[in-house]
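What follows draws every value from the coordinates through simple rules; no lab data is involved. Predicted model, so just to flag it, every value in this text is computed and none were measured. As a convention, Cβ positions derive from the backbone with ideal geometry for all residues, glycine included, and neighbour counts pool all protein chains shown.
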Amino acid sequence: MDLEVGPGLTIPESELQWRFSRSSGAGGQHVNTSDSRVQLTWDAAGSAALTEEQRTRILERTTRRTAAGAITVTVSERRSQLRNREAALEALRELLREALAPPAPARRATRPTRGSQRRRLAGKQQRSATKQQRRRPSDD
């Protein structure tokens, strides 16, 4: 079951590594006997499915989730291992789609309008007047 991220990228199943462990939370006696927590690891740095441009973009944008070039997703939301596997695949797919998205256009710097400057200063004066009214009267 290959992971199709987008039209230009499909990760072969052989590159995905699965680990299962016992999950905490609801489930009664069943939770003590089944390994329903899923940990999905994919080595982005050594993947043959990526171009060099895709690899650098993914590794730059997922630095928090990457350890030694491998991206790890952990899911324990559901009681069944199958549902957690599906959720882990979807989480990795969304993570990679966000990482591969083209960068947003750079913001063009503009000056504040005269009206916005007036409104800002009027608001500051109003706030100052409110705070001055809260002060104790002077002894004069």
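Summary of computed values
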read-out	value
Degrees, to the nearest 10: 81-100 long Cα axis against longest axis of the chain	50 degrees
Point-to-point label distance, Gln39-Ala129, nm (Cα→Cβ direction, 7 Å offset)	6.2 nm
Cβ-Cβ FRET estimate between Ala67 and Thr110, R0 fixed at 41 Å, reported to 0.05	0.50
Calculated percent of Cα pairs over 17 Å apart (choose from [x] 54; [y] 67; [z] 71), label	[z]
Contact order normalised by residue count of the chain, Cα under 8 Å, 6+ apart, percent	20 percent
Rounded to whole Hz, the Karplus (6.51, -1.76, 1.60) HN-Hα couplings of segment 126-139, x for glycine and proline	5, 5, 5, 5, 4, 5, 5, 5, 7, 5, 6, x, 6, 7
